[in-house]
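Below is one structure, written out as structure tokens; the observations come after it.
The values are calculated or read from the model by the stated rules, or taken from the named source; none is laboratory data. What you see is a predicted model; the values in this text were computed from it and never measured. Here the Cβ positions follow ideal geometry from the backbone for every residue, glycine too, while neighbour counts run over all protein chains shown. Please note that ligands, DNA and RNA were not included when accessible areas were found on the heavy atoms of the full protein model with its side chains. Shrake-Rupley method; radii C 1.70, N 1.55, O 1.52, S 1.80 Å.
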Amino acid sequence: MAHNNPWPDEGNTGHIWDEDLRELDNPPPLWWMLSFYAGFIMIIFYSLYYPTIPLTNASGEFTKGMADWTQVNEYQEDFKVLNDWRTAKFADKEEQLAALPVTEILKNEDLKSYAIATSKALFGDYCAACHASGGAGIPGFPVLADDDWLWGGSIAQIEASIANGRIGNMPAKGMMGNLTDQEISDVADYVIALSEGRGDDAAYSAGKAVYSKGMCVACHGPAGTPMAPTGAANLADGIWRFASDRDSVVSVIAHGVNVKKNGVHIEGTRQAVMPSFKERLPNADVNIKRLAVYVHSLGGGQ
Ligand code: HEC
Ligand code: HEC
């Protein structure tokens, strides 16, 4: 920097480098100054319009600005736009779902695929906790993706299962509750043999006799295949509703399924309750049909 200013009248700041490189004191161009002041005005406007100043107002909330803008409001407005668009786009499909019985929905390929596509999230929210995603089943809860049905695999039966719920009942120790431990053990062996196609072996004749005495026939049918879908498991098909190990089979026969005393499940009984969804699902009329079509499509619909 120089101590002598060789250009005293030029309006420089007196800062001079490398002999002749000087800092001048010119005003900025007018256009620049105008935008600069406009920026200030905008700041004032912004800070009044949007929530800027973190002060509390009379009701103890932070100041929200004149626009009452929040991120949540903005999200909700955008979401509403999307939802309105979606509702309008699919309005006729939804109307058809509401108007037609499930049997008709099933016949209409287009409507059927729409019902299936729109069921997945619903199934995840309301059903997958017990039936696993895709209806694959969780131990203790039935698989929905096979053709082994407790309550029937027609679309109407599936719809009824979802709408009204299902509670399977099996008494403990046979219909009369009078089987001895030995008899329970024999009939368990017989039932396991049945599931493996060896029910007629002479070795299981004692168990077979207990099967009649305990009136297992009434629910499970003469050879382990229930005659009507009343919730009783098929004992002859090798697919186990609960578990295939002998201890589990003995335990089901000894303690039954959903056996209650004073309104409470007794110790050891299998709890098998499918809740009713008539009142649980939003927009239940349409959503039960949608889910019935979806479950029917999982592979085992009849
Ligand atoms: C709290 C657990 C639970 C939830 C949640 C649940 N289920 Fe079930 N569901 C069961 C049980 C347990 C059974 C078997 C009832 C029985 O053993 O008789 C069952 C049975 C069924 C059946 C009959 C299966 C058959 O073999 O006949 C259908 C269909 C069904 N559920 C569909 C659904 C759908 C669809 C949803 C969702 C809206 C759902 N379930 C939610 C527990 C549940
Ligand atoms: C009143 C009807 C009824 C009678 C009587 C009955 N059961 Fe059952 N049983 C059921 C039902 C219902 C289920 C399945 C419950 C479910 O899945 O919710 C079942 C399930 C079973 C299971 C479990 C099957 C599996 O796949 O895990 C076995 C084993 C069984 N019963 C054996 C017997 C034997 C042996 C007798 C006779 C001593 C008998 N049951 C009598 C209704 C009955």
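Annotations for the structure displayed:
- Sequence-separation-based contact order of the chain, relative, with Cα cut under 8 Å and 6+ spacing, percent: 20
- For the stretch 181-271, the Rg and Dmax computed from alpha carbons only, in angstrom: 12.8, 42
- Modelled spin-label separation between Ala58 and Ala223, with each label point placed 7 Å from Cα along the Cα-to-Cβ direction: 8.6 nm.
- Where trypsin sites (Lys or Arg not before Pro) fall in DSSP loop in the stretch 44-141, at most 15 other Cβ within 10 Å: Lys64
- For the pair Thr70 and Glu10 in one chain, pulling the backbone fully straight at 0.36 nm per residue adds 16.2 nm over the alpha carbon distance.
- Orientation-averaged projected area, Cα convex hull of the stretch 58-141 (nm²): 10.4
- Simple label model, 7 Å out from Cα along Cβ direction - Ile44 to Lys107, nm: 7.4
- Neighbourhood charge, 10 Å Cβ-Cβ cut-off, centred on His255 and excluding it, Lys, Arg +1 and Asp, Glu -1: +1
- Solvent exposure of the chain, expressed per residue, is 62 Å² of accessible area, with all protein chains present and a 1.4 angstrom probe.
- With each label modelled as a point 7 angstrom along the Cα→C-beta vector, the Ala160-Leu24 pair spans 9.6 nm.
- Most mobile listed residue (Glu23, Glu109, Glu94) in the chain, GNM with C-alpha springs under 10 Å: Glu23
- Element breakdown for the stretch 181-271 at a 1.4 angstrom probe: carbon and sulfur atoms account for 54% of the accessible area.
- Neighbour count of at most 15 Cβ within 10 Å plus DSSP loop: longest chymotrypsin sites (Phe, Trp or Tyr not before Pro)-free window in the chain: 91-302
- Gaussian network model of the chain, Cα within-10 Å springs - most flexible of Pro229, Pro54, Pro139: Pro54
- The Rg/Rh ratio of the chain, with Rg taken over Cα atoms and Rh as the Kirkwood radius over Cα pairs, comes to 1.44.
- Rounded to whole Å, the principal axis extents of the Cα atoms in the stretch 15-86 read 70, 39, 23, largest first.
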